[in-house]
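The values are calculated or read from the model by the stated rules, or taken from the named source; none is laboratory data. Remember, predicted model here, so these are calculated numbers, not experimental data. Every residue, glycine as well, gets a Cβ built from its backbone with ideal geometry; the counts of neighbours run over all protein chains shown. Areas reflect the complete protein model, heavy atoms only, side chains present, ligands, DNA and RNA absent. Shrake-Rupley method; radii C 1.70, N 1.55, O 1.52, S 1.80 Å.
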Amino acid sequence: MTRKLILDLDTGIDDTLAIAYALASEQADDVRLIGITGTYGNVTVETGMRNTLAVTDLLGHPEVSVYPGLDRPSTAPENFRYSPSAGTRRIHGDNGIGDMTIPDSRRSPETTAAADFIIDAAHTYGKDLVIVPTGAMTTIAEVCRREPRIGELVGSITFMGGALTVPGNVTPGAEANIMQDPEAADAILRSGVETTMIGLDVTHQAVLTRRDIERWRRLGTAAGDFLASMTDFYIDAYSATQPELEGCGMHDPLAVAAALDPTLVTTLGMNLQVDLEGAYRGRTIGDRAHDRLTDSHKTTQVAVRVDIARFKSQFLDRITALASH
């Protein structure tokens, strides 16, 4: 049976590339993207959903429904209004997609809440369902709270976030997605739900360069021009912060790729926690609780290596084919 895929995105630049990769992989990996849920981080939930609808239209897939997720951290007061930081806007642009302009979709987000959609899909599709969160973990934590059996029901939960063997990208210990809501991420990692973590350990190994994306610009299509120009913006941002990479990390696309084909990454089993206090708030690290340190069953598989050549070849070939129409 065809696997079903749900992406939980804060649709910025790498989320857009993840959408493109998921759509481009439907036939090759026998998977169908059945919905995208909105979270916050690179942008607000509202802006992210706008971007998602516009991007899926541009890429020729208006059948993909979009659902609103929770719009603020789990510990934030009800009157809290999330706004991306200045640093986030420098990386993703004020609109989240590198300040590129693409037409608004005529479609609107669904009225069903993201958590309801995910839980219903888990009961409907069971082990054929793959869930890939790549932003703040707030909505997924809500899903785990409301349906503690979620990990038993679905095929896999593969998230982009965290850093185990390398420094964080917002503090020396913390990665951006985890730092948006450390309490939510900690609740997931300690819940017993089995997950795969695609963190900075591997996403900064898989780098996209200007030379790589020239093939999209040469297509002469609206989709190719958009993807190339948007990624140029991302590479410019990386040039200012991590010039040694000579390109941009492929965070969210790698999470999708590893969810569809786990052989792309090598993992280390860990029982993780998220530090919630002090200078290391947001750090993903081994859980110091005695029963979890000694438990031979590890609930999170942390990616520590990636088959860069195979991933990049699939990524570029598939997206080029998708954008050529």
* What nm value, rounded to one decimal, do you get for the distance between residue 309 and residue 244 when each label is placed 7 Å out toward the C-beta? -> 2.5 nm
* Asked: What nm distance separates the two modelled labels at residue 104 and residue 46, each placed 7 Å from Cα along Cα→Cβ?
  -> 1.1 nm
* Can you list the lysines whose alpha carbon sits under 23 Å from that of residue 298, skipping same-chain ones fewer than 8 residues off? -> 127
* Whose amide H sits under 5 Å from the amide H of residue 174, counting only residues 5 or more places off or on another chain, with H placed in the peptide plane? -> 168, 169
* Structure fact -> Distance in Å, no decimals, from the C-alpha centre of the range 260-283 to the one of the range 193-251 is 22 Å
* Determine the gain in length on full extension of the stretch residue 124-residue 236; use 0.36 nm per residue of separation and subtract their C-alpha separation, reporting nm with one decimal. => 36.0 nm
* To do: Round to a whole angstrom and tell me the spacing of the C-alpha centers of the range 10-73 and the range 135-176.
  => 17 Å
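Per-residue counts of other Cβ atoms within 10 Å, averaged by peptide: what ranking do you get for 150-163, 233-246, 4-17, highest first?
Details: 150-163: 23.1, 233-246: 14.9, 4-17: 28.6.
Result, highest mean Cβ count within 10 Å first: 4-17, 150-163, 233-246.
Pairs of Cα atoms under 8 Å, at least six residues apart: use those to get the relative contact order of the chain, whole percent.
Contact order relative to length: 20 percent.
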* Asked: What does the accessible area of residue 304 come to, in Å² to the nearest 10, when a probe of 1.4 Å is used?
  -> 50 Å²
* Could you give the length gained on full extension between residue 210 and residue 152, defined as 0.36 nm per residue of separation minus the Cα-Cα distance, in nm? -> 16.7 nm
* Structure fact -> Calculated from DSSP helices alone, with each H run of at least 4 adding -39500 (n - 2.57) and the total divided by the residues of the chain, [θ]222 nm to the nearest 500 comes to -12000 deg cm²/dmol
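Count the DSSP beta bridges whose two residues both fall in the range 3-323, then state the antiparallel fraction as a percent rounded to the nearest 5.
35 percent
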* Determine the gain in length on full extension of the stretch residue 79-residue 296; use 0.36 nm per residue of separation and subtract their C-alpha separation, reporting nm with one decimal. => 73.8 nm
* Can you figure out the FRET efficiency of residue 113 with residue 27, using R₀ = 45 Å and their beta-carbon distance, to the nearest 0.05? => 0.90
* **Read-out percent of Cα pairs over 25 Å apart, derived from the coordinates shown; its label in [x] 45; [y] 54; [z] 51** => [x]
